[in-house]
Amino acid sequence: MSTRSPYDLVGVGIGPFNLSLAALADGVPGLDALFLDAKPAFSWHPGLLLDGTTLQVPFLADLVTMADPTSPWSYLNYLRTHDRMFPFFFSERFLIPRREYDHYCRWAAERLPSCRFDAEVTAVEWDDAADAFAVVYRDAAGAQTRVLARQVVLGVGTNPAVPAPLRPLLTDAHRGRVLHSADYRTHRAALAAADDVTVIGAGQSGAEVVLDLLRHQDGEGRGGPFVRWLARTPAFAPMEYSKIGLEHFTPDYIRYFRGLPEEHRERLVREQWQLYKGVSADTLADIHDELYERTIGGARPRAGLHPGVELRAAEADGDGYLLTCHHAPQDGEFTFRTSAVVAATGYSAARPAFLDAMGDLVDWDERGRYRIDEQYRVALDPRVGGALYVQNAEMHTHGVGAPDLTLGAWRAAKILNTVCGRTVLPVPERAAWTTFGAPGDGVPARAARRPDPVGNRR
């Protein structure tokens, strides 16, 4: 394995967040960066790149604009490069097609000289002699390369989360009939031809799968599968998209959230599910319209929507599956049979295997998660002289904005400034009208409770 002088920065994983960092770092004088990904090319949630689906954030939340609107890697420059500025202008789109966002990111990834695909990282370790991280990766032919890095940024993304009762059924024998929504497009045709499909999960992915399956029914609802939608949440609720509500995705809220006790942070993340697990109001409206169409002529739609339900057990039953569920508000169980199950149950962060080589040098918290500071640095053993950063693994320390594209460029700029030891890109620390926490930033509680001169209480 070859070794060269240390890179200033090596990124592991090239999803939207590390790609944002690569784009913002491109052309920074004196910065030597490399980004590695095991995939042969950039790919973003390919199983859900359905026609008609859009991002849930405006196009300004691209790779760079929220940190550097002058960057050549902006979405607007992508449109200009493809001679699509006028069509985009006339379309009056604020939320762009998901397929187009994927194509935009691939356009950037293929042109950024620091991005290298077919490069699977197998180990990241600390090299005391070199006073640097050693990153080992393997190319498509199996050849291994070892590079040194003064600083490493993990952007490995998250893994599909599947309810425990379904995990034993994720085998070749049930392939295409029990699956995560991440694989939906691959098995879409077979699912549309099934008699009965159950979709679990009340987020955007679940709603889009339900809508797509409903559209495979004919106009009178006779063809296509019976579509059943289950969710643990008390309702199929829209994502919080009010202008003030969106201020939870600002540096102001991150700073407030980081100052809360851990038990309060844990509770807030659970309670704020509509900020990051809700469904777009348009998608819910489309589902309602599809169901309404099925009732013309007095028929009932071949669908069932069941909130407040948790899957408790699942077993193979002939050519289908027997599912046992618990209805929380009524504290009762019920069982039904279905032909296929799609778990649209989100994603969760997992500790990458290549970090095993770091041994006990990472300071994990009591739940095995990273301890992360304000600059997105992971707490390490003091003898490690380099810095390890993470992207989209910090919801427990930074709040619900961690997986959201809105803060992607801002976070990447924060990391870039820290990596360079100077302000490469100025980033705002205040962006919200809302004051999260007590007013006055440290005003004593007694002073904050005094009535103001006109008799109103603060």
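The values are calculated or read from the model by the stated rules, or taken from the named source; none is laboratory data. This structure is a prediction, so every number in the text was calculated from the model and none was measured. As a convention, Cβ positions derive from the backbone with ideal geometry for all residues, glycine included, and neighbour counts pool all protein chains shown. When the accessible area is computed, the model is the full protein with side chains, heavy atoms only, and any ligands, DNA or RNA have been set aside. Shrake-Rupley method; radii C 1.70, N 1.55, O 1.52, S 1.80 Å.
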Distant-in-sequence amide H partners of ALA119 (H built 1.01 Å from N, under 5 Å): ASP37, ALA38, LYS39
Extension gain, ARG337 back to GLU92 (0.36 nm per residue minus Cα-Cα distance, nm): 83.7 nm
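Please report the carbon-and-sulfur percent of the accessible area for the chain; probe 1.4 Å, protein heavy atoms only, DNA, RNA and ligands left out.
C and S atoms contribute 51 percent here.
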Taking the chain and dividing mean pair separation by its residue count, relative contact order in percent (alpha carbons under 8 Å, at least six apart): 21 percent
DSSP-defined beta bridges in the chain - what % are antiparallel, rounded to 5: 55 percent
Three-way shape label, segment 244-284, alpha-carbon gyration tensor, a/c 1.5: oblate
Between segment 250-316 and segment 177-199, the Cα center-to-center distance that results, in Å: 20 Å
Förster radius 30 Å - calculated FRET efficiency between ILE244 and HIS264, Cβ distance, rounded to 0.05: 0.90
Spin-label pair HIS306/ALA173, simplified geometry with 7 Å Cα→Cβ offset, distance in nm: 2.4 nm
Set of lysines near LYS243 by C-alpha distance (under 19 Å), chain-local residues within fewer than 8 positions excluded: LYS277
Hull shadow area, averaged, segment 11-139 [alpha-carbon convex hull, nm²]: 9.3 nm²
Cβ-placed point charges (K, R +1; D, E -1), dipole of the chain about Cα centre in debye, nearest 20: 740 debye
Answer label, with mean projected area of the Cα convex hull in nm² calculated from the coordinates and candidates (i) 35.5; (ii) 28.2; (iii) 32.3: (ii)
Between helix 204-214 and the chain: long-axis angle, C-alpha atoms, 0 to 90°, nearest 10: 30 degrees
Semi-axis lengths (Å, descending) of the ellipsoid that matches the C-alpha gyration tensor of segment 204-248: 30, 12, 8
Inter-label distance, nm, simple model (7 Å from Cα along the C-beta direction), ILE296/VAL362: 5.5 nm
Whole-number accessible area per residue in Å² for segment 7-70, which is evaluated in the context of all protein chains at 1.4 Å: 32 Å²
Tilt relative to the chain, helix 98-111 - C-alpha long axis, 0 to 90 degrees, to 10: 30 degrees
Degrees between helix 16-25 axis and first principal axis of the chain (Cα, 0 to 90, nearest 10): 30 degrees
Options ASN18, PRO72, VAL384, ranked by Cα towards positive dipole end of the chain, top entry (Cβ charges): PRO72
Cα-only Debye scattering, segment 385-437: base-10 log of I(q)/I(0) at q = 0.13, 0.24, 0.29 Å⁻¹: -0.38, -1.11, -1.24
Coordinate range along principal axes, alpha carbons of segment 71-122, Å, largest first: 46, 20, 15
Rounded to whole Å, sorted largest first: equivalent-ellipsoid semi-axes of segment 208-337, Cα gyration tensor: 34, 22, 11
Residues with amide H under 5 Å from that of TYR389, placed H, sequence gap 5 or more: VAL152, VAL153, LEU154, VAL378
For segment 268-327: rounded, prolate or oblate by the Cα gyration tensor [a/c cutoff 1.5]: oblate
